[in-house]
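The values are calculated or read from the model by the stated rules, or taken from the named source; none is laboratory data. All values derive from a computational prediction rather than experimental measurement. A quick note on method: Cβ atoms are made from the backbone with ideal geometry, for glycine too, and the neighbour counts reach across all protein chains shown.
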Amino acid sequence: MPGTPIGCPVSGKRRLIFFSLAASVFLGVFLGSGAYTFVSAHGTSYLSNDPSVCVNCHIMREDYDGWQHASHHAVATCNDCHLPHDNVVNKFFVKASNGYHHSKAFTLLDFKEPIRIKPGNAKVLEDNCLRCHGELTDEITAHGTLGVPTDPAQKADLYGCVRCHQGVGHGSPR
């Protein structure tokens, strides 16, 4: 075109092609490495209700072995106690959130041993104890928490039932 500097239209087009190509490569590497990680970590197994999935991470071996010998082995799996049952969206949100935090912690080795339950998950656990054992606990919980509040901010006993019944889910305390 007369009156335009030589190379301007081509320069903008080259820049667009370069950035499109770079974005495509980045996206491909990101998706490819994510897919590889998902497949190598047996990602679909985490969508199941199989307790043996929990030992994909070596740190859970002791808990899994304890559960196999504990009183709830015949009646409850990991998901029965550790995931909410109020609705399917909340259940999968908690499962995905826990999966993210677990994979991040185990990948970066950013966790304490022995691992300890977080307040939100302790609430889920407690709710499930009360859901299954409501007939036994209604009289106790009618007046508040099951014990002394261990988290003043939440005014809740984070350990509730498992304060006294430690060996129920994972066997004898370690």
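Confirm whether residue 24 is over 28 Å from residue 165 (Cα atoms) and of a type in the set (Gly, Ala, Ser). So residue 24 passes the test.
With the structure loaded, tell me whether residue 76 is more than 27 Å from residue 34 (Cα to Cα), surrounded by 15 or more Cβ atoms within 10 Å (Cβ to Cβ), out of contact with any Cys (no Cβ under 8 Å at 6 or more places or on another chain) and at pLDDT 80 or above or whether it fails that test. Please lay out each step first, then the result.
Values: more than 27 Å from residue 34 (Cα to Cα): yes; surrounded by 15 or more Cβ atoms within 10 Å (Cβ to Cβ): yes; out of contact with any Cys (no Cβ under 8 Å at 6 or more places or on another chain): no; at pLDDT 80 or above: yes.
Against the criterion (more than 27 Å from residue 34 (Cα to Cα), surrounded by 15 or more Cβ atoms within 10 Å (Cβ to Cβ), out of contact with any Cys (no Cβ under 8 Å at 6 or more places or on another chain) and at pLDDT 80 or above), residue 76 does not qualify.
If you take the residues in region 92-134 that are in a helix (DSSP H, G or I) and β-branched (Val, Ile, Thr), which one is modelled with the highest pLDDT? Give the steps one after another, and end with the answer.
Going residue by residue through region 92-134, those that are in a helix (DSSP H, G or I) are 92-108, 119-132, 134.
With β-branched (Val, Ile, Thr) added as a condition, the list becomes 94, 107, 124.
Values: 94: 94, 107: 80, 124: 91.
Ranking the candidates gives 94 first.
Among the residues of region 39-59, is there at least one that is at pLDDT 85 or above and either among the charged types (D, E, K, R) or surrounded by fewer than 10 Cβ atoms within 10 Å (Cβ to Cβ) (or both)? Yes, region 39-59 contains a residue that is at pLDDT 85 or above and either among the charged types (D, E, K, R) or surrounded by fewer than 10 Cβ atoms within 10 Å (Cβ to Cβ) (or both).
Which of the residues belonging to region 40-74 are in a helix (DSSP H, G or I), among the small types (Gly, Ala, Ser) and more than 20 Å from residue 100 (Cα to Cα)? Correct list: 66 only.
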